[in-house]
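Please treat every number below as a calculation from the coordinates, not as lab data. Owing to the predicted nature of the structure, the values given are computational and were not obtained by experimental measurement. Counting neighbours? That spans all protein chains shown, and the Cβs are built from the backbone with ideal geometry, glycine included.
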């Protein structure tokens, strides 16, 4: 049975469950024309703790949903809920390699073994098992391209124990043996290895390394960058009304646009096609810190990367075109509950004082309500081969909306490759990015809303735009318990318990 047909069956089951609900069903009332919920209703829905926690997914479960089409528990990396033995879930990357011969890539501005990239290339019951995840990525899955942070960081270089507690640092030099092997050239893989070097231009180092990689010879690229915190250097964003100024603080880390250019140059060598997930991960990290300036830099970095991908396709790099390439921009979840109270102009920043997680904005231009994730809808934009599939899924689980579920992304990408000629699939994830963050960056850069690279795709004949729900099983079970409903079961659940449009709205 094809995935889409399976989804159709599941949709019928979902609608049957909805029909059995009482006359006060949230969806029934919503479909009867109830207006968007008030801001107070949304605030309560997104910010009220249930059983000691605000219901919202983490990046591991959200990444797993996108990568495998399955909901799972928080913390799981492409592993079934409940952590059963042999609980591995095949990812979209693995399926496309097995079925279509696709080359694979992951790239991130945070550690390559962090939750989101890991969900596409590894399997584990805990996102915290950093050494095991990194080892599986590099020595088992072995994507053709791996670019990310982790240099001198606990997610790779200084991950000194495996999940069984055994040492991974036999020479006790403070770095694990895998990292040592890549640095010493004894790793016995096909990877060309390049790492961050003090005083060396990041883009030049990366592009020179990429130039020496030939996929038809079996070559691969592993490029390791990042600050000691794990992420690429943040952007310095200046408050310069009328003339936005942004610059990456350290030259040793590439921009995401440079990463994208190098990645597509390599992966497009494969005549069978490729799948790549490219993550701007420190949007999420900035939002956890309630750091508006750094968040603007992260969204700008993603914007430039998407423009770079569009240019590669427009220029038909190695045969890429909009007829054989699908590009998707989305987020794995929202974060921070940012709200703008003043429409700031081009180059204009709010007054920002304090320290990370304790920043204040005394002029009241913007507010944050949390340093954690929220269950808000996130943007989805698509362009190219198979983008029309999104319209078929919109509203299936959340009737009366233009929302898909994040699990639908897996089905759409698979169907696009199998049936709609998508030989190149480029998935951009702005981790922790909500529509409010997109608008804030757009206003700073251009003085208007919706000017980022992907915001106009829905107006194109080969594009689509809408939203996605991101809940995981933990979120679902909290909401279900609150209203006295059964917990999540893979084959029988009500999506509107995971995300209720009557309470959260049909749009972000």
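Things worth noting here:
- Relative packing of peptides 193-201, 230-238 - highest average C-beta neighbours within 10 Å first: 230-238, 193-201
- Centroid-to-centroid, using Cα positions, region 419-496 and region 168-215 are 35 Å apart.
- Measure of compaction for the chain (Cα Rg per 2.2 N^0.38 Å): 0.93
- Summarising the strand pairing of the chain, around 40 percent of its internal DSSP beta bridges are antiparallel.
- Taking 113, 108, 38 and counting other C-beta atoms within 10 Å, the order from fewest to most: 38, 108, 113
- Whether region 266-413 is rounded, prolate or oblate, judged on the alpha carbon gyration tensor where a/c under 1.5 counts as rounded: prolate
- Region 122-244: Rg to Rh, with Rh as the Kirkwood radius over Cα pairs: 1.04
- Computed extension gain for residue 363 through residue 490, at 0.36 nm per residue and net of the alpha carbon distance, reaches 41.0 nm.
- The order of the peptides 478-488, 322-332 by mean Cβ neighbours within 10 Å, most packed first, is 322-332, 478-488.
- Adding -39500 (n - 2.57) for every DSSP H run of four residues or longer, then dividing by how many residues the chain holds, sets the calculated 222 nm ellipticity at -10000 deg cm²/dmol.
- Here the peptides 366-376, 177-187 are ranked by packing, the mean other Cβ count within 10 Å, and the order with the highest first is 366-376, 177-187.
- Residues residue 164 and residue 40, FRET efficiency given R0 of 56 Å [Cβ-Cβ distance, rounded to 0.05]: 0.70
- Average Cα contact separation per residue, the chain, under 8 Å, 6 or more apart, as relative contact order %: 20
- Potential lengthening between residue 219 and residue 204 on full extension [0.36 nm per residue; Cα-Cα distance subtracted]: 3.5 nm
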